[in-house]
Structure formats: structure tokens, C-alpha cells
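Below is one structure, written out as C-alpha cells; comments come after it.
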Amino acid sequence: MQFPKYFTFWQKVGMHSLRLTAWAVLAFLMIPILVIVPLSFNAEPYFTFTAGMLSLDADAYSLKWYAEILNDDKWMLAIKNSFIIGLCATAIATVLGTLAAIGLSNPVMPFQRLIMAMLLSPMIVPLIITAAGMYFFYTQLGLSGSYLGVIIAHAALGTPFVIITVNAALSGFDYSLMRASLGLGATPGYTFFNVIMPLIRPGVISGALFAFVTSFDEVVVILFLAGPEQRTIPRQMFSGLREQINPTILAVAVLLVVLSALMLLTIEYLRARAEKIRTGEI
């Protein structure tokens, strides 16, 4: 590591200490996640490293727990439900969150702070309280134990993330472009899709990804609202820990980590692209 010549000895020590601290924090956060990767290939039905694994014996490793996911009807139903519920909830949350962010970004909008606080409340209120409230409310509407009830609940949890990301994308938006489009005779719909949306698209997509991850990983609301047919991956993992513990849960966890990593990379790419759009590089 090269330092400027004017750095003193203690400045160099401080920079090295800062770098070591950053790596230590990263290791502290990542090791508990990464340790499940080799365990998911354990040939034995244990959650611990066997002697064969530690000695790198090829017979101690197996893909059978990944194959078990495909051969188990409960896991396949949970995977299907997670994607169906997640995609439907994401679509609803993206539409509602985008429209809400555009409305709240208007400087003439009254009670902006109050409305924003109410819309972001699902992120602030403890999830167990939100889940309990949804349960009693949806039960009165007959939505408890149905796909529609779970989808609406997950959309409500994902909408705040869309509002935040789209609102951030709108922070540098030039409203004179919108006024110019309307002044030249364009319809509001044409202006939205051809003037506003191209500039805020990275924020919309980032919010949609956050909403999908929120739905995909959510378990508390599922415990309250879902019936046997709406069992999702986190719900199945929760049941597996109580009923039948085997490394299939670890295999699913590894797949979820890979999916989350891909989504984070996508979000980072969109953030960098949005920054280039804002600075005029694209």
C-alpha cells in the first residue's frame, strides 16, 4: 500500500489500522454466511464438519441435499409460492411506490412529511406488530390463508423500499422537462413513460429488486397469514428446523445467498448507471 510522501509514521499506522479493522468487520459479517456453503455439501445428515470433510475426503462431500430439493414436493411448492408471491407483490409495490414517490416529490404536495412517514411506517414498526395487525384486519376481510392476502401484505412491506429508491432518483430530476413536454402538447401518460421514466428507471428497478427480496425472505407475516398451500421458502425452512433437521436447509440457504448476491450486484450496477445518467456521462 503506497502512501503520500507527506504522511507521518502515525498517519501510516492509522491507515493500516483502519484497513485491518475494515477487513475484520467484513470477516465478522461474512464468515457466518460463508460457513454454510461447505456444510451444504456434507454427505452426512449433520450440521457440523465431519472428519472426512476436514481432511478433504471426496467421499465426504455430496450434492444429494441439492437433489433432495428437487425431489421433495414441499420444497418445490415453497419455491413456486415464493416466486409467485414475490413477483406479484413486487409488481404491485413497484406501481404504488413509484406513483407515491412522484406525487410526494411535487413541491406543492401538502403534508409531505406526514404522508411520507405513514408510507414508510412498515419499515419502522416492528414486523411482529405489523403482522398481527394484518392478521386481524385480513381475517375480517376473508383474506387470511389466501394467496391474495399474502401478496397484498408483502406488497405493503415492499412499497416503502420503492418509494425511497424512486424518491432518491427524483432528487435530481429537472421538472422543466416535464413542463416542456406537457407544454408541447404531450399527454400526461406520454410524458410519464417517455420523459420521466427513462430518467428514474434505475431507481424503479432497484426498488423493485428490494421489494422482491423483502417478499422472498419474509417469514413473520407468512406465519400469521399463510395457510398450508401458501408455504414459502422461509416458512418451509422454519418448519424444517422444528420437524426434520437435515442439510437440505443449508442447500436452500446457499441458493438464497447466491440469489441475494446477484440482486445486490444488479442494484450496484443500476446505482452506478443512475450516477452516470445524473452526471451526463450516458
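A short reminder: the numbers here are calculations on the coordinates, not readings from a lab. Since the model is a prediction, treat every value here as computed from it, not as a measurement. Backbone-built Cβ (ideal geometry, glycine too); neighbour counts: all protein chains shown.
Okay, here's what the table says:
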| quantity | calculated |
| --- | --- |
| Mean Cα-pair separation over length for the chain, i.e. relative contact order, pairs under 8 Å, 6 or more apart, % | 28 percent |
| Taking F47, F41, F216 and counting other C-beta atoms within 10 Å, the order from fewest to most | F47, F41, F216 |
| Ranked list, fewest to most other Cβ atoms within 10 Å of each Cβ, for Y46, Y61 | Y46, Y61 |
| Under the span-like rule (Cα at least 24 Å along the axis, Kyte-Doolittle mean at least 1.6), DSSP H helices of the chain | 147-169 |
| Rh by Kirkwood over Cα pairs, then Stokes-Einstein D for region 64-279 at 1.567 mPa s and 4 °C, µm²/s | 69 µm²/s |
| Helical mean residue ellipticity (222 nm; -39500 (n - 2.57) per DSSP H run of 4+; nearest 500) of the chain | -23500 deg cm²/dmol |
| Computed magnitude of the charge dipole of the chain (debye, nearest 20; Cβ of K, R +1, Cβ of D, E -1) | 960 debye |
| Cβ-placed point charges (K, R +1; D, E -1), dipole of region 168-255 about Cα centre in debye, nearest 20 | 100 debye |
| Between region 76-141 and region 150-185, the alpha-carbon center distance in angstrom | 14 Å |
